[in-house]
Structures are given as C-alpha cells and as structure tokens.
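The values are calculated or read from the model by the stated rules, or taken from the named source; none is laboratory data. As the structure is a computational prediction, the values presented were derived from the model and not from experiment. We place every Cβ from the backbone using ideal geometry, glycine too, and count neighbours over all the protein chains shown.
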Amino acid sequence: MSAFKSLFTAMINADGDASKMSADFAKNSIKVFVKETSPYFLVSDSFFYVPAYFTKAALDEHTKKFPNVKVADLTEKVILISNWSLELKRVDSNAVFTSYAGVEVRLIIHSFKPQLNESITPTRWPTNLYRDDEFKNTIQQARHNATVAALAKANTGDAKIYAAKGFDWNFKEGNTAVVAVSGAKKAAAPAATAAAKVKGGAAAKRTAKAATKDTKKVVKAVPSKTVEKVLKFTPKKVVGKKSTGKKAASPGGKKSAAGTTDQMTMQTFKKFIKFQKDGKKLGKRPASGKVSKK
C-alpha cells in the first residue's frame, strides 16, 4: 500500500483540515526517495511520486548543517523528512500536472536531512499519484459530497437553479509560504540571433556608397571564363547565313528582332567541347603572329 496514497486520501476526506485526520496519521518522520529536483522537487514512496515544497527555514537549516550538499544535487538520493505538514490548494490543473480537478494536496517540508549513505531501490517505477484512478475518484467523491451537503442547506431543492448560481467546494485551504529550490540546472536559452545594426548620418551614406562601388567592381572583375570562351569561339556566320541585320527564326516560329547576338549551333558546340578536351586554348595566336586556317 502506498503511504502517499493513504495520507493524501485522508487529507481529501478531511476537506483539508489535518486536525480531523485519524491519529494513525501522526506526523512521524518520512523517509523518501528523491525522483528529481528540477523543475519540480518530486519525492517517491516507491509506488507514487508527489511534489514536495520547502519553507525558507527548512532550506536555511539545510544550508547551515550541510553546506557542501546542494538540494538541487539530491536527485536519486534519500532524504529523511522529520517535520512536515499537509495542505490543500486551489490550482489550475491545466498548468500543474501534480493536481486534479483544480485541487492539489501539498506536502510541505519544514525540516529534513539527506541520507547520503542510504539507498532505496523502488519496487516499481513510481507514477504520478494524480493519475491514479482511485485517487481521482476520491477527489470527485469529495466534490460530490460537498455538492449534496450544499443543496440540503439551500432554500430550494431545484438543482438547476443551484447549478446556475454556481458551486464552490469549500475546503480548508492552506497558505504556508514556500520557496523554490535554488541551484537547479536550467535548460540553456537559445543563442540570440544578432540583428543587423542600422545607423544613419553622412558616414553611413558614404559607407553604403563605397560598398556599392566595391560590389560592382567584384561583379565586373569575375566574369565567367567559360562564357568568355564560348563567345570568342562563336563564329560570325551560322549555317552559311549572316546573322547581322537579318531576323532569325525563334522556337515559336516567329522571327526575332534584327541585330540579335550570334547563336551557336550544336555542331559548333561539339567542336568547342572537343577543343576543351584536347586541352587547346582558344583566342590565342601562334608564335608566328598569324592564325592558322586549321
């Protein structure tokens, strides 16, 4: 039987008033296994895990007695809780996963000490108590009982009218101040992307103008060498006809405008490829100063 399940069930049935709990649940010391410390400090009884909340006095006492042991480093260690209390709190169950139907039973630690020489091997992998069907039914039953009691005290027994007015489960809610465990490791934030800085003024205009000139120089200075060779090797005449001043037929069957650039035929392109493979350089004259007919 889970100790946490028995203890938390009794707290729900007592409507948050620990003084109404059975004497069997006297505040004895509790030895628990620390499942994790961040982002929640979760402790387990080998069956279920629940969150533990610390008072400032409890953490100050621990720091004073165990200065070399950080609370954030107690993951998978054993701690002995010598002074504790239980409280009911209203929470948003969509945001707090260790709660159900807007209610959370809080285990508040007032004094504890680590048991570094001891180890506990859970008999099974602990699960969230608030996902246990029996414990959820306990909370639902407590809300139902409160509803029935409120209806009995109402002037009218019409449930529809009462439902329209709304129902609030009136239990004793605790208000003990708790603090977060410091020193817990946090996920590293993603590196911020450096944004471009924009500055005005005459200096910025001069810099932009100089950058534009440099860009133009780069574009002119690095033409495609292959394109240059193709243009140099392209003959003036294509298939025995002069291209200058005449309209060439376009793929669509229409004639293009006069004065178009010289076009390379497939036969000429194959010759160019052959010259490239033979390692011959184009556009250079021989030592004699004349270009051979070949």
**Complete:** Note on the stretch 66-87: residues under 11 Å from residue 31 (Cα atoms) and part of a strand (DSSP E or B) are 78, 79, 80, 81, 82
**residue 6 being loosely packed, with under 15 Cβ neighbours inside 10 Å, under 25 Å from residue 146 (Cβ atoms) and among the small types (Gly, Ala, Ser)** = yes
**Message:** So, in the stretch 37-65, exactly how many residues are modelled with pLDDT of 95 or more, in a loop (DSSP other than H, G, I, E, B) and surrounded by fewer than 16 Cβ atoms within 10 Å (Cβ to Cβ)?
**Reply:** 0
**Message:** When you scan the stretch 114-129, do you find a residue that is more than 24 Å from residue 25 (Cα to Cα) and either surrounded by 13 or more Cβ atoms within 10 Å (Cβ to Cβ) or at pLDDT 95 or above (or both), even just one?
**Reply:** no
**Message:** Going by what's in this entry, would residue 25 be described as touching a helix residue (DSSP H, G or I) at 6+ places or on another chain (Cβ under 6 Å), at pLDDT below 95 and among the aromatic types (Phe, Trp, Tyr)?
**Reply:** yes
